[in-house]
Amino acid sequence: MLILRTLKYGRDVLGYDGAELSWTLEDNVLISRTIEAVGAKPYKRYRIYETSLVDNTVGNRQPSLL
C-alpha cells in the first residue's frame, strides 16, 4: 500500500512519470514479488559475493600482500 500511494502521489501531485524501486538484493524474494506486483519490471541485479583473502589450508599459505 505504501508503494502504491507513493507512486500515485509522485504521479498525480508532483508530476513524475517514473520511479525506481531498487537496491534490493537478488535473493530478497518477498520484496521482489512486491515490486513486480505494482507493475515494475526488473532491469538490474544486485549480488553480494564473498571470498577468503587468506588460504587457511595447512602448509599451503599464500604470501602476504602487506
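Laboratory data are not the source of any read-out in this text; all were calculated from the coordinates shown. Everything numeric here is computed off the predicted structure, so don't read it as measured data.
Using each residue's phi in region 49-56, evaluate 6.51 cos²θ - 1.76 cosθ + 1.60 at θ = phi - 60° and report the 3J(HN,Hα) Karplus result to the nearest Hz, with x for Gly and Pro.
Each residue of region 49-56 in turn: 10, 9, 8, 7, 8, 10, 7, 8 Hz.
Can you tell me the length gained on complete extension of the stretch residue 13 to residue 48, counting 0.36 nm per residue apart and subtracting the Cα distance?
8.9 nm
Would you kindly state how much longer the chain becomes between residue 6 and residue 34 on full extension, computed as 0.36 nm times their sequence separation minus their alpha carbon distance, in nm to one decimal?
8.7 nm
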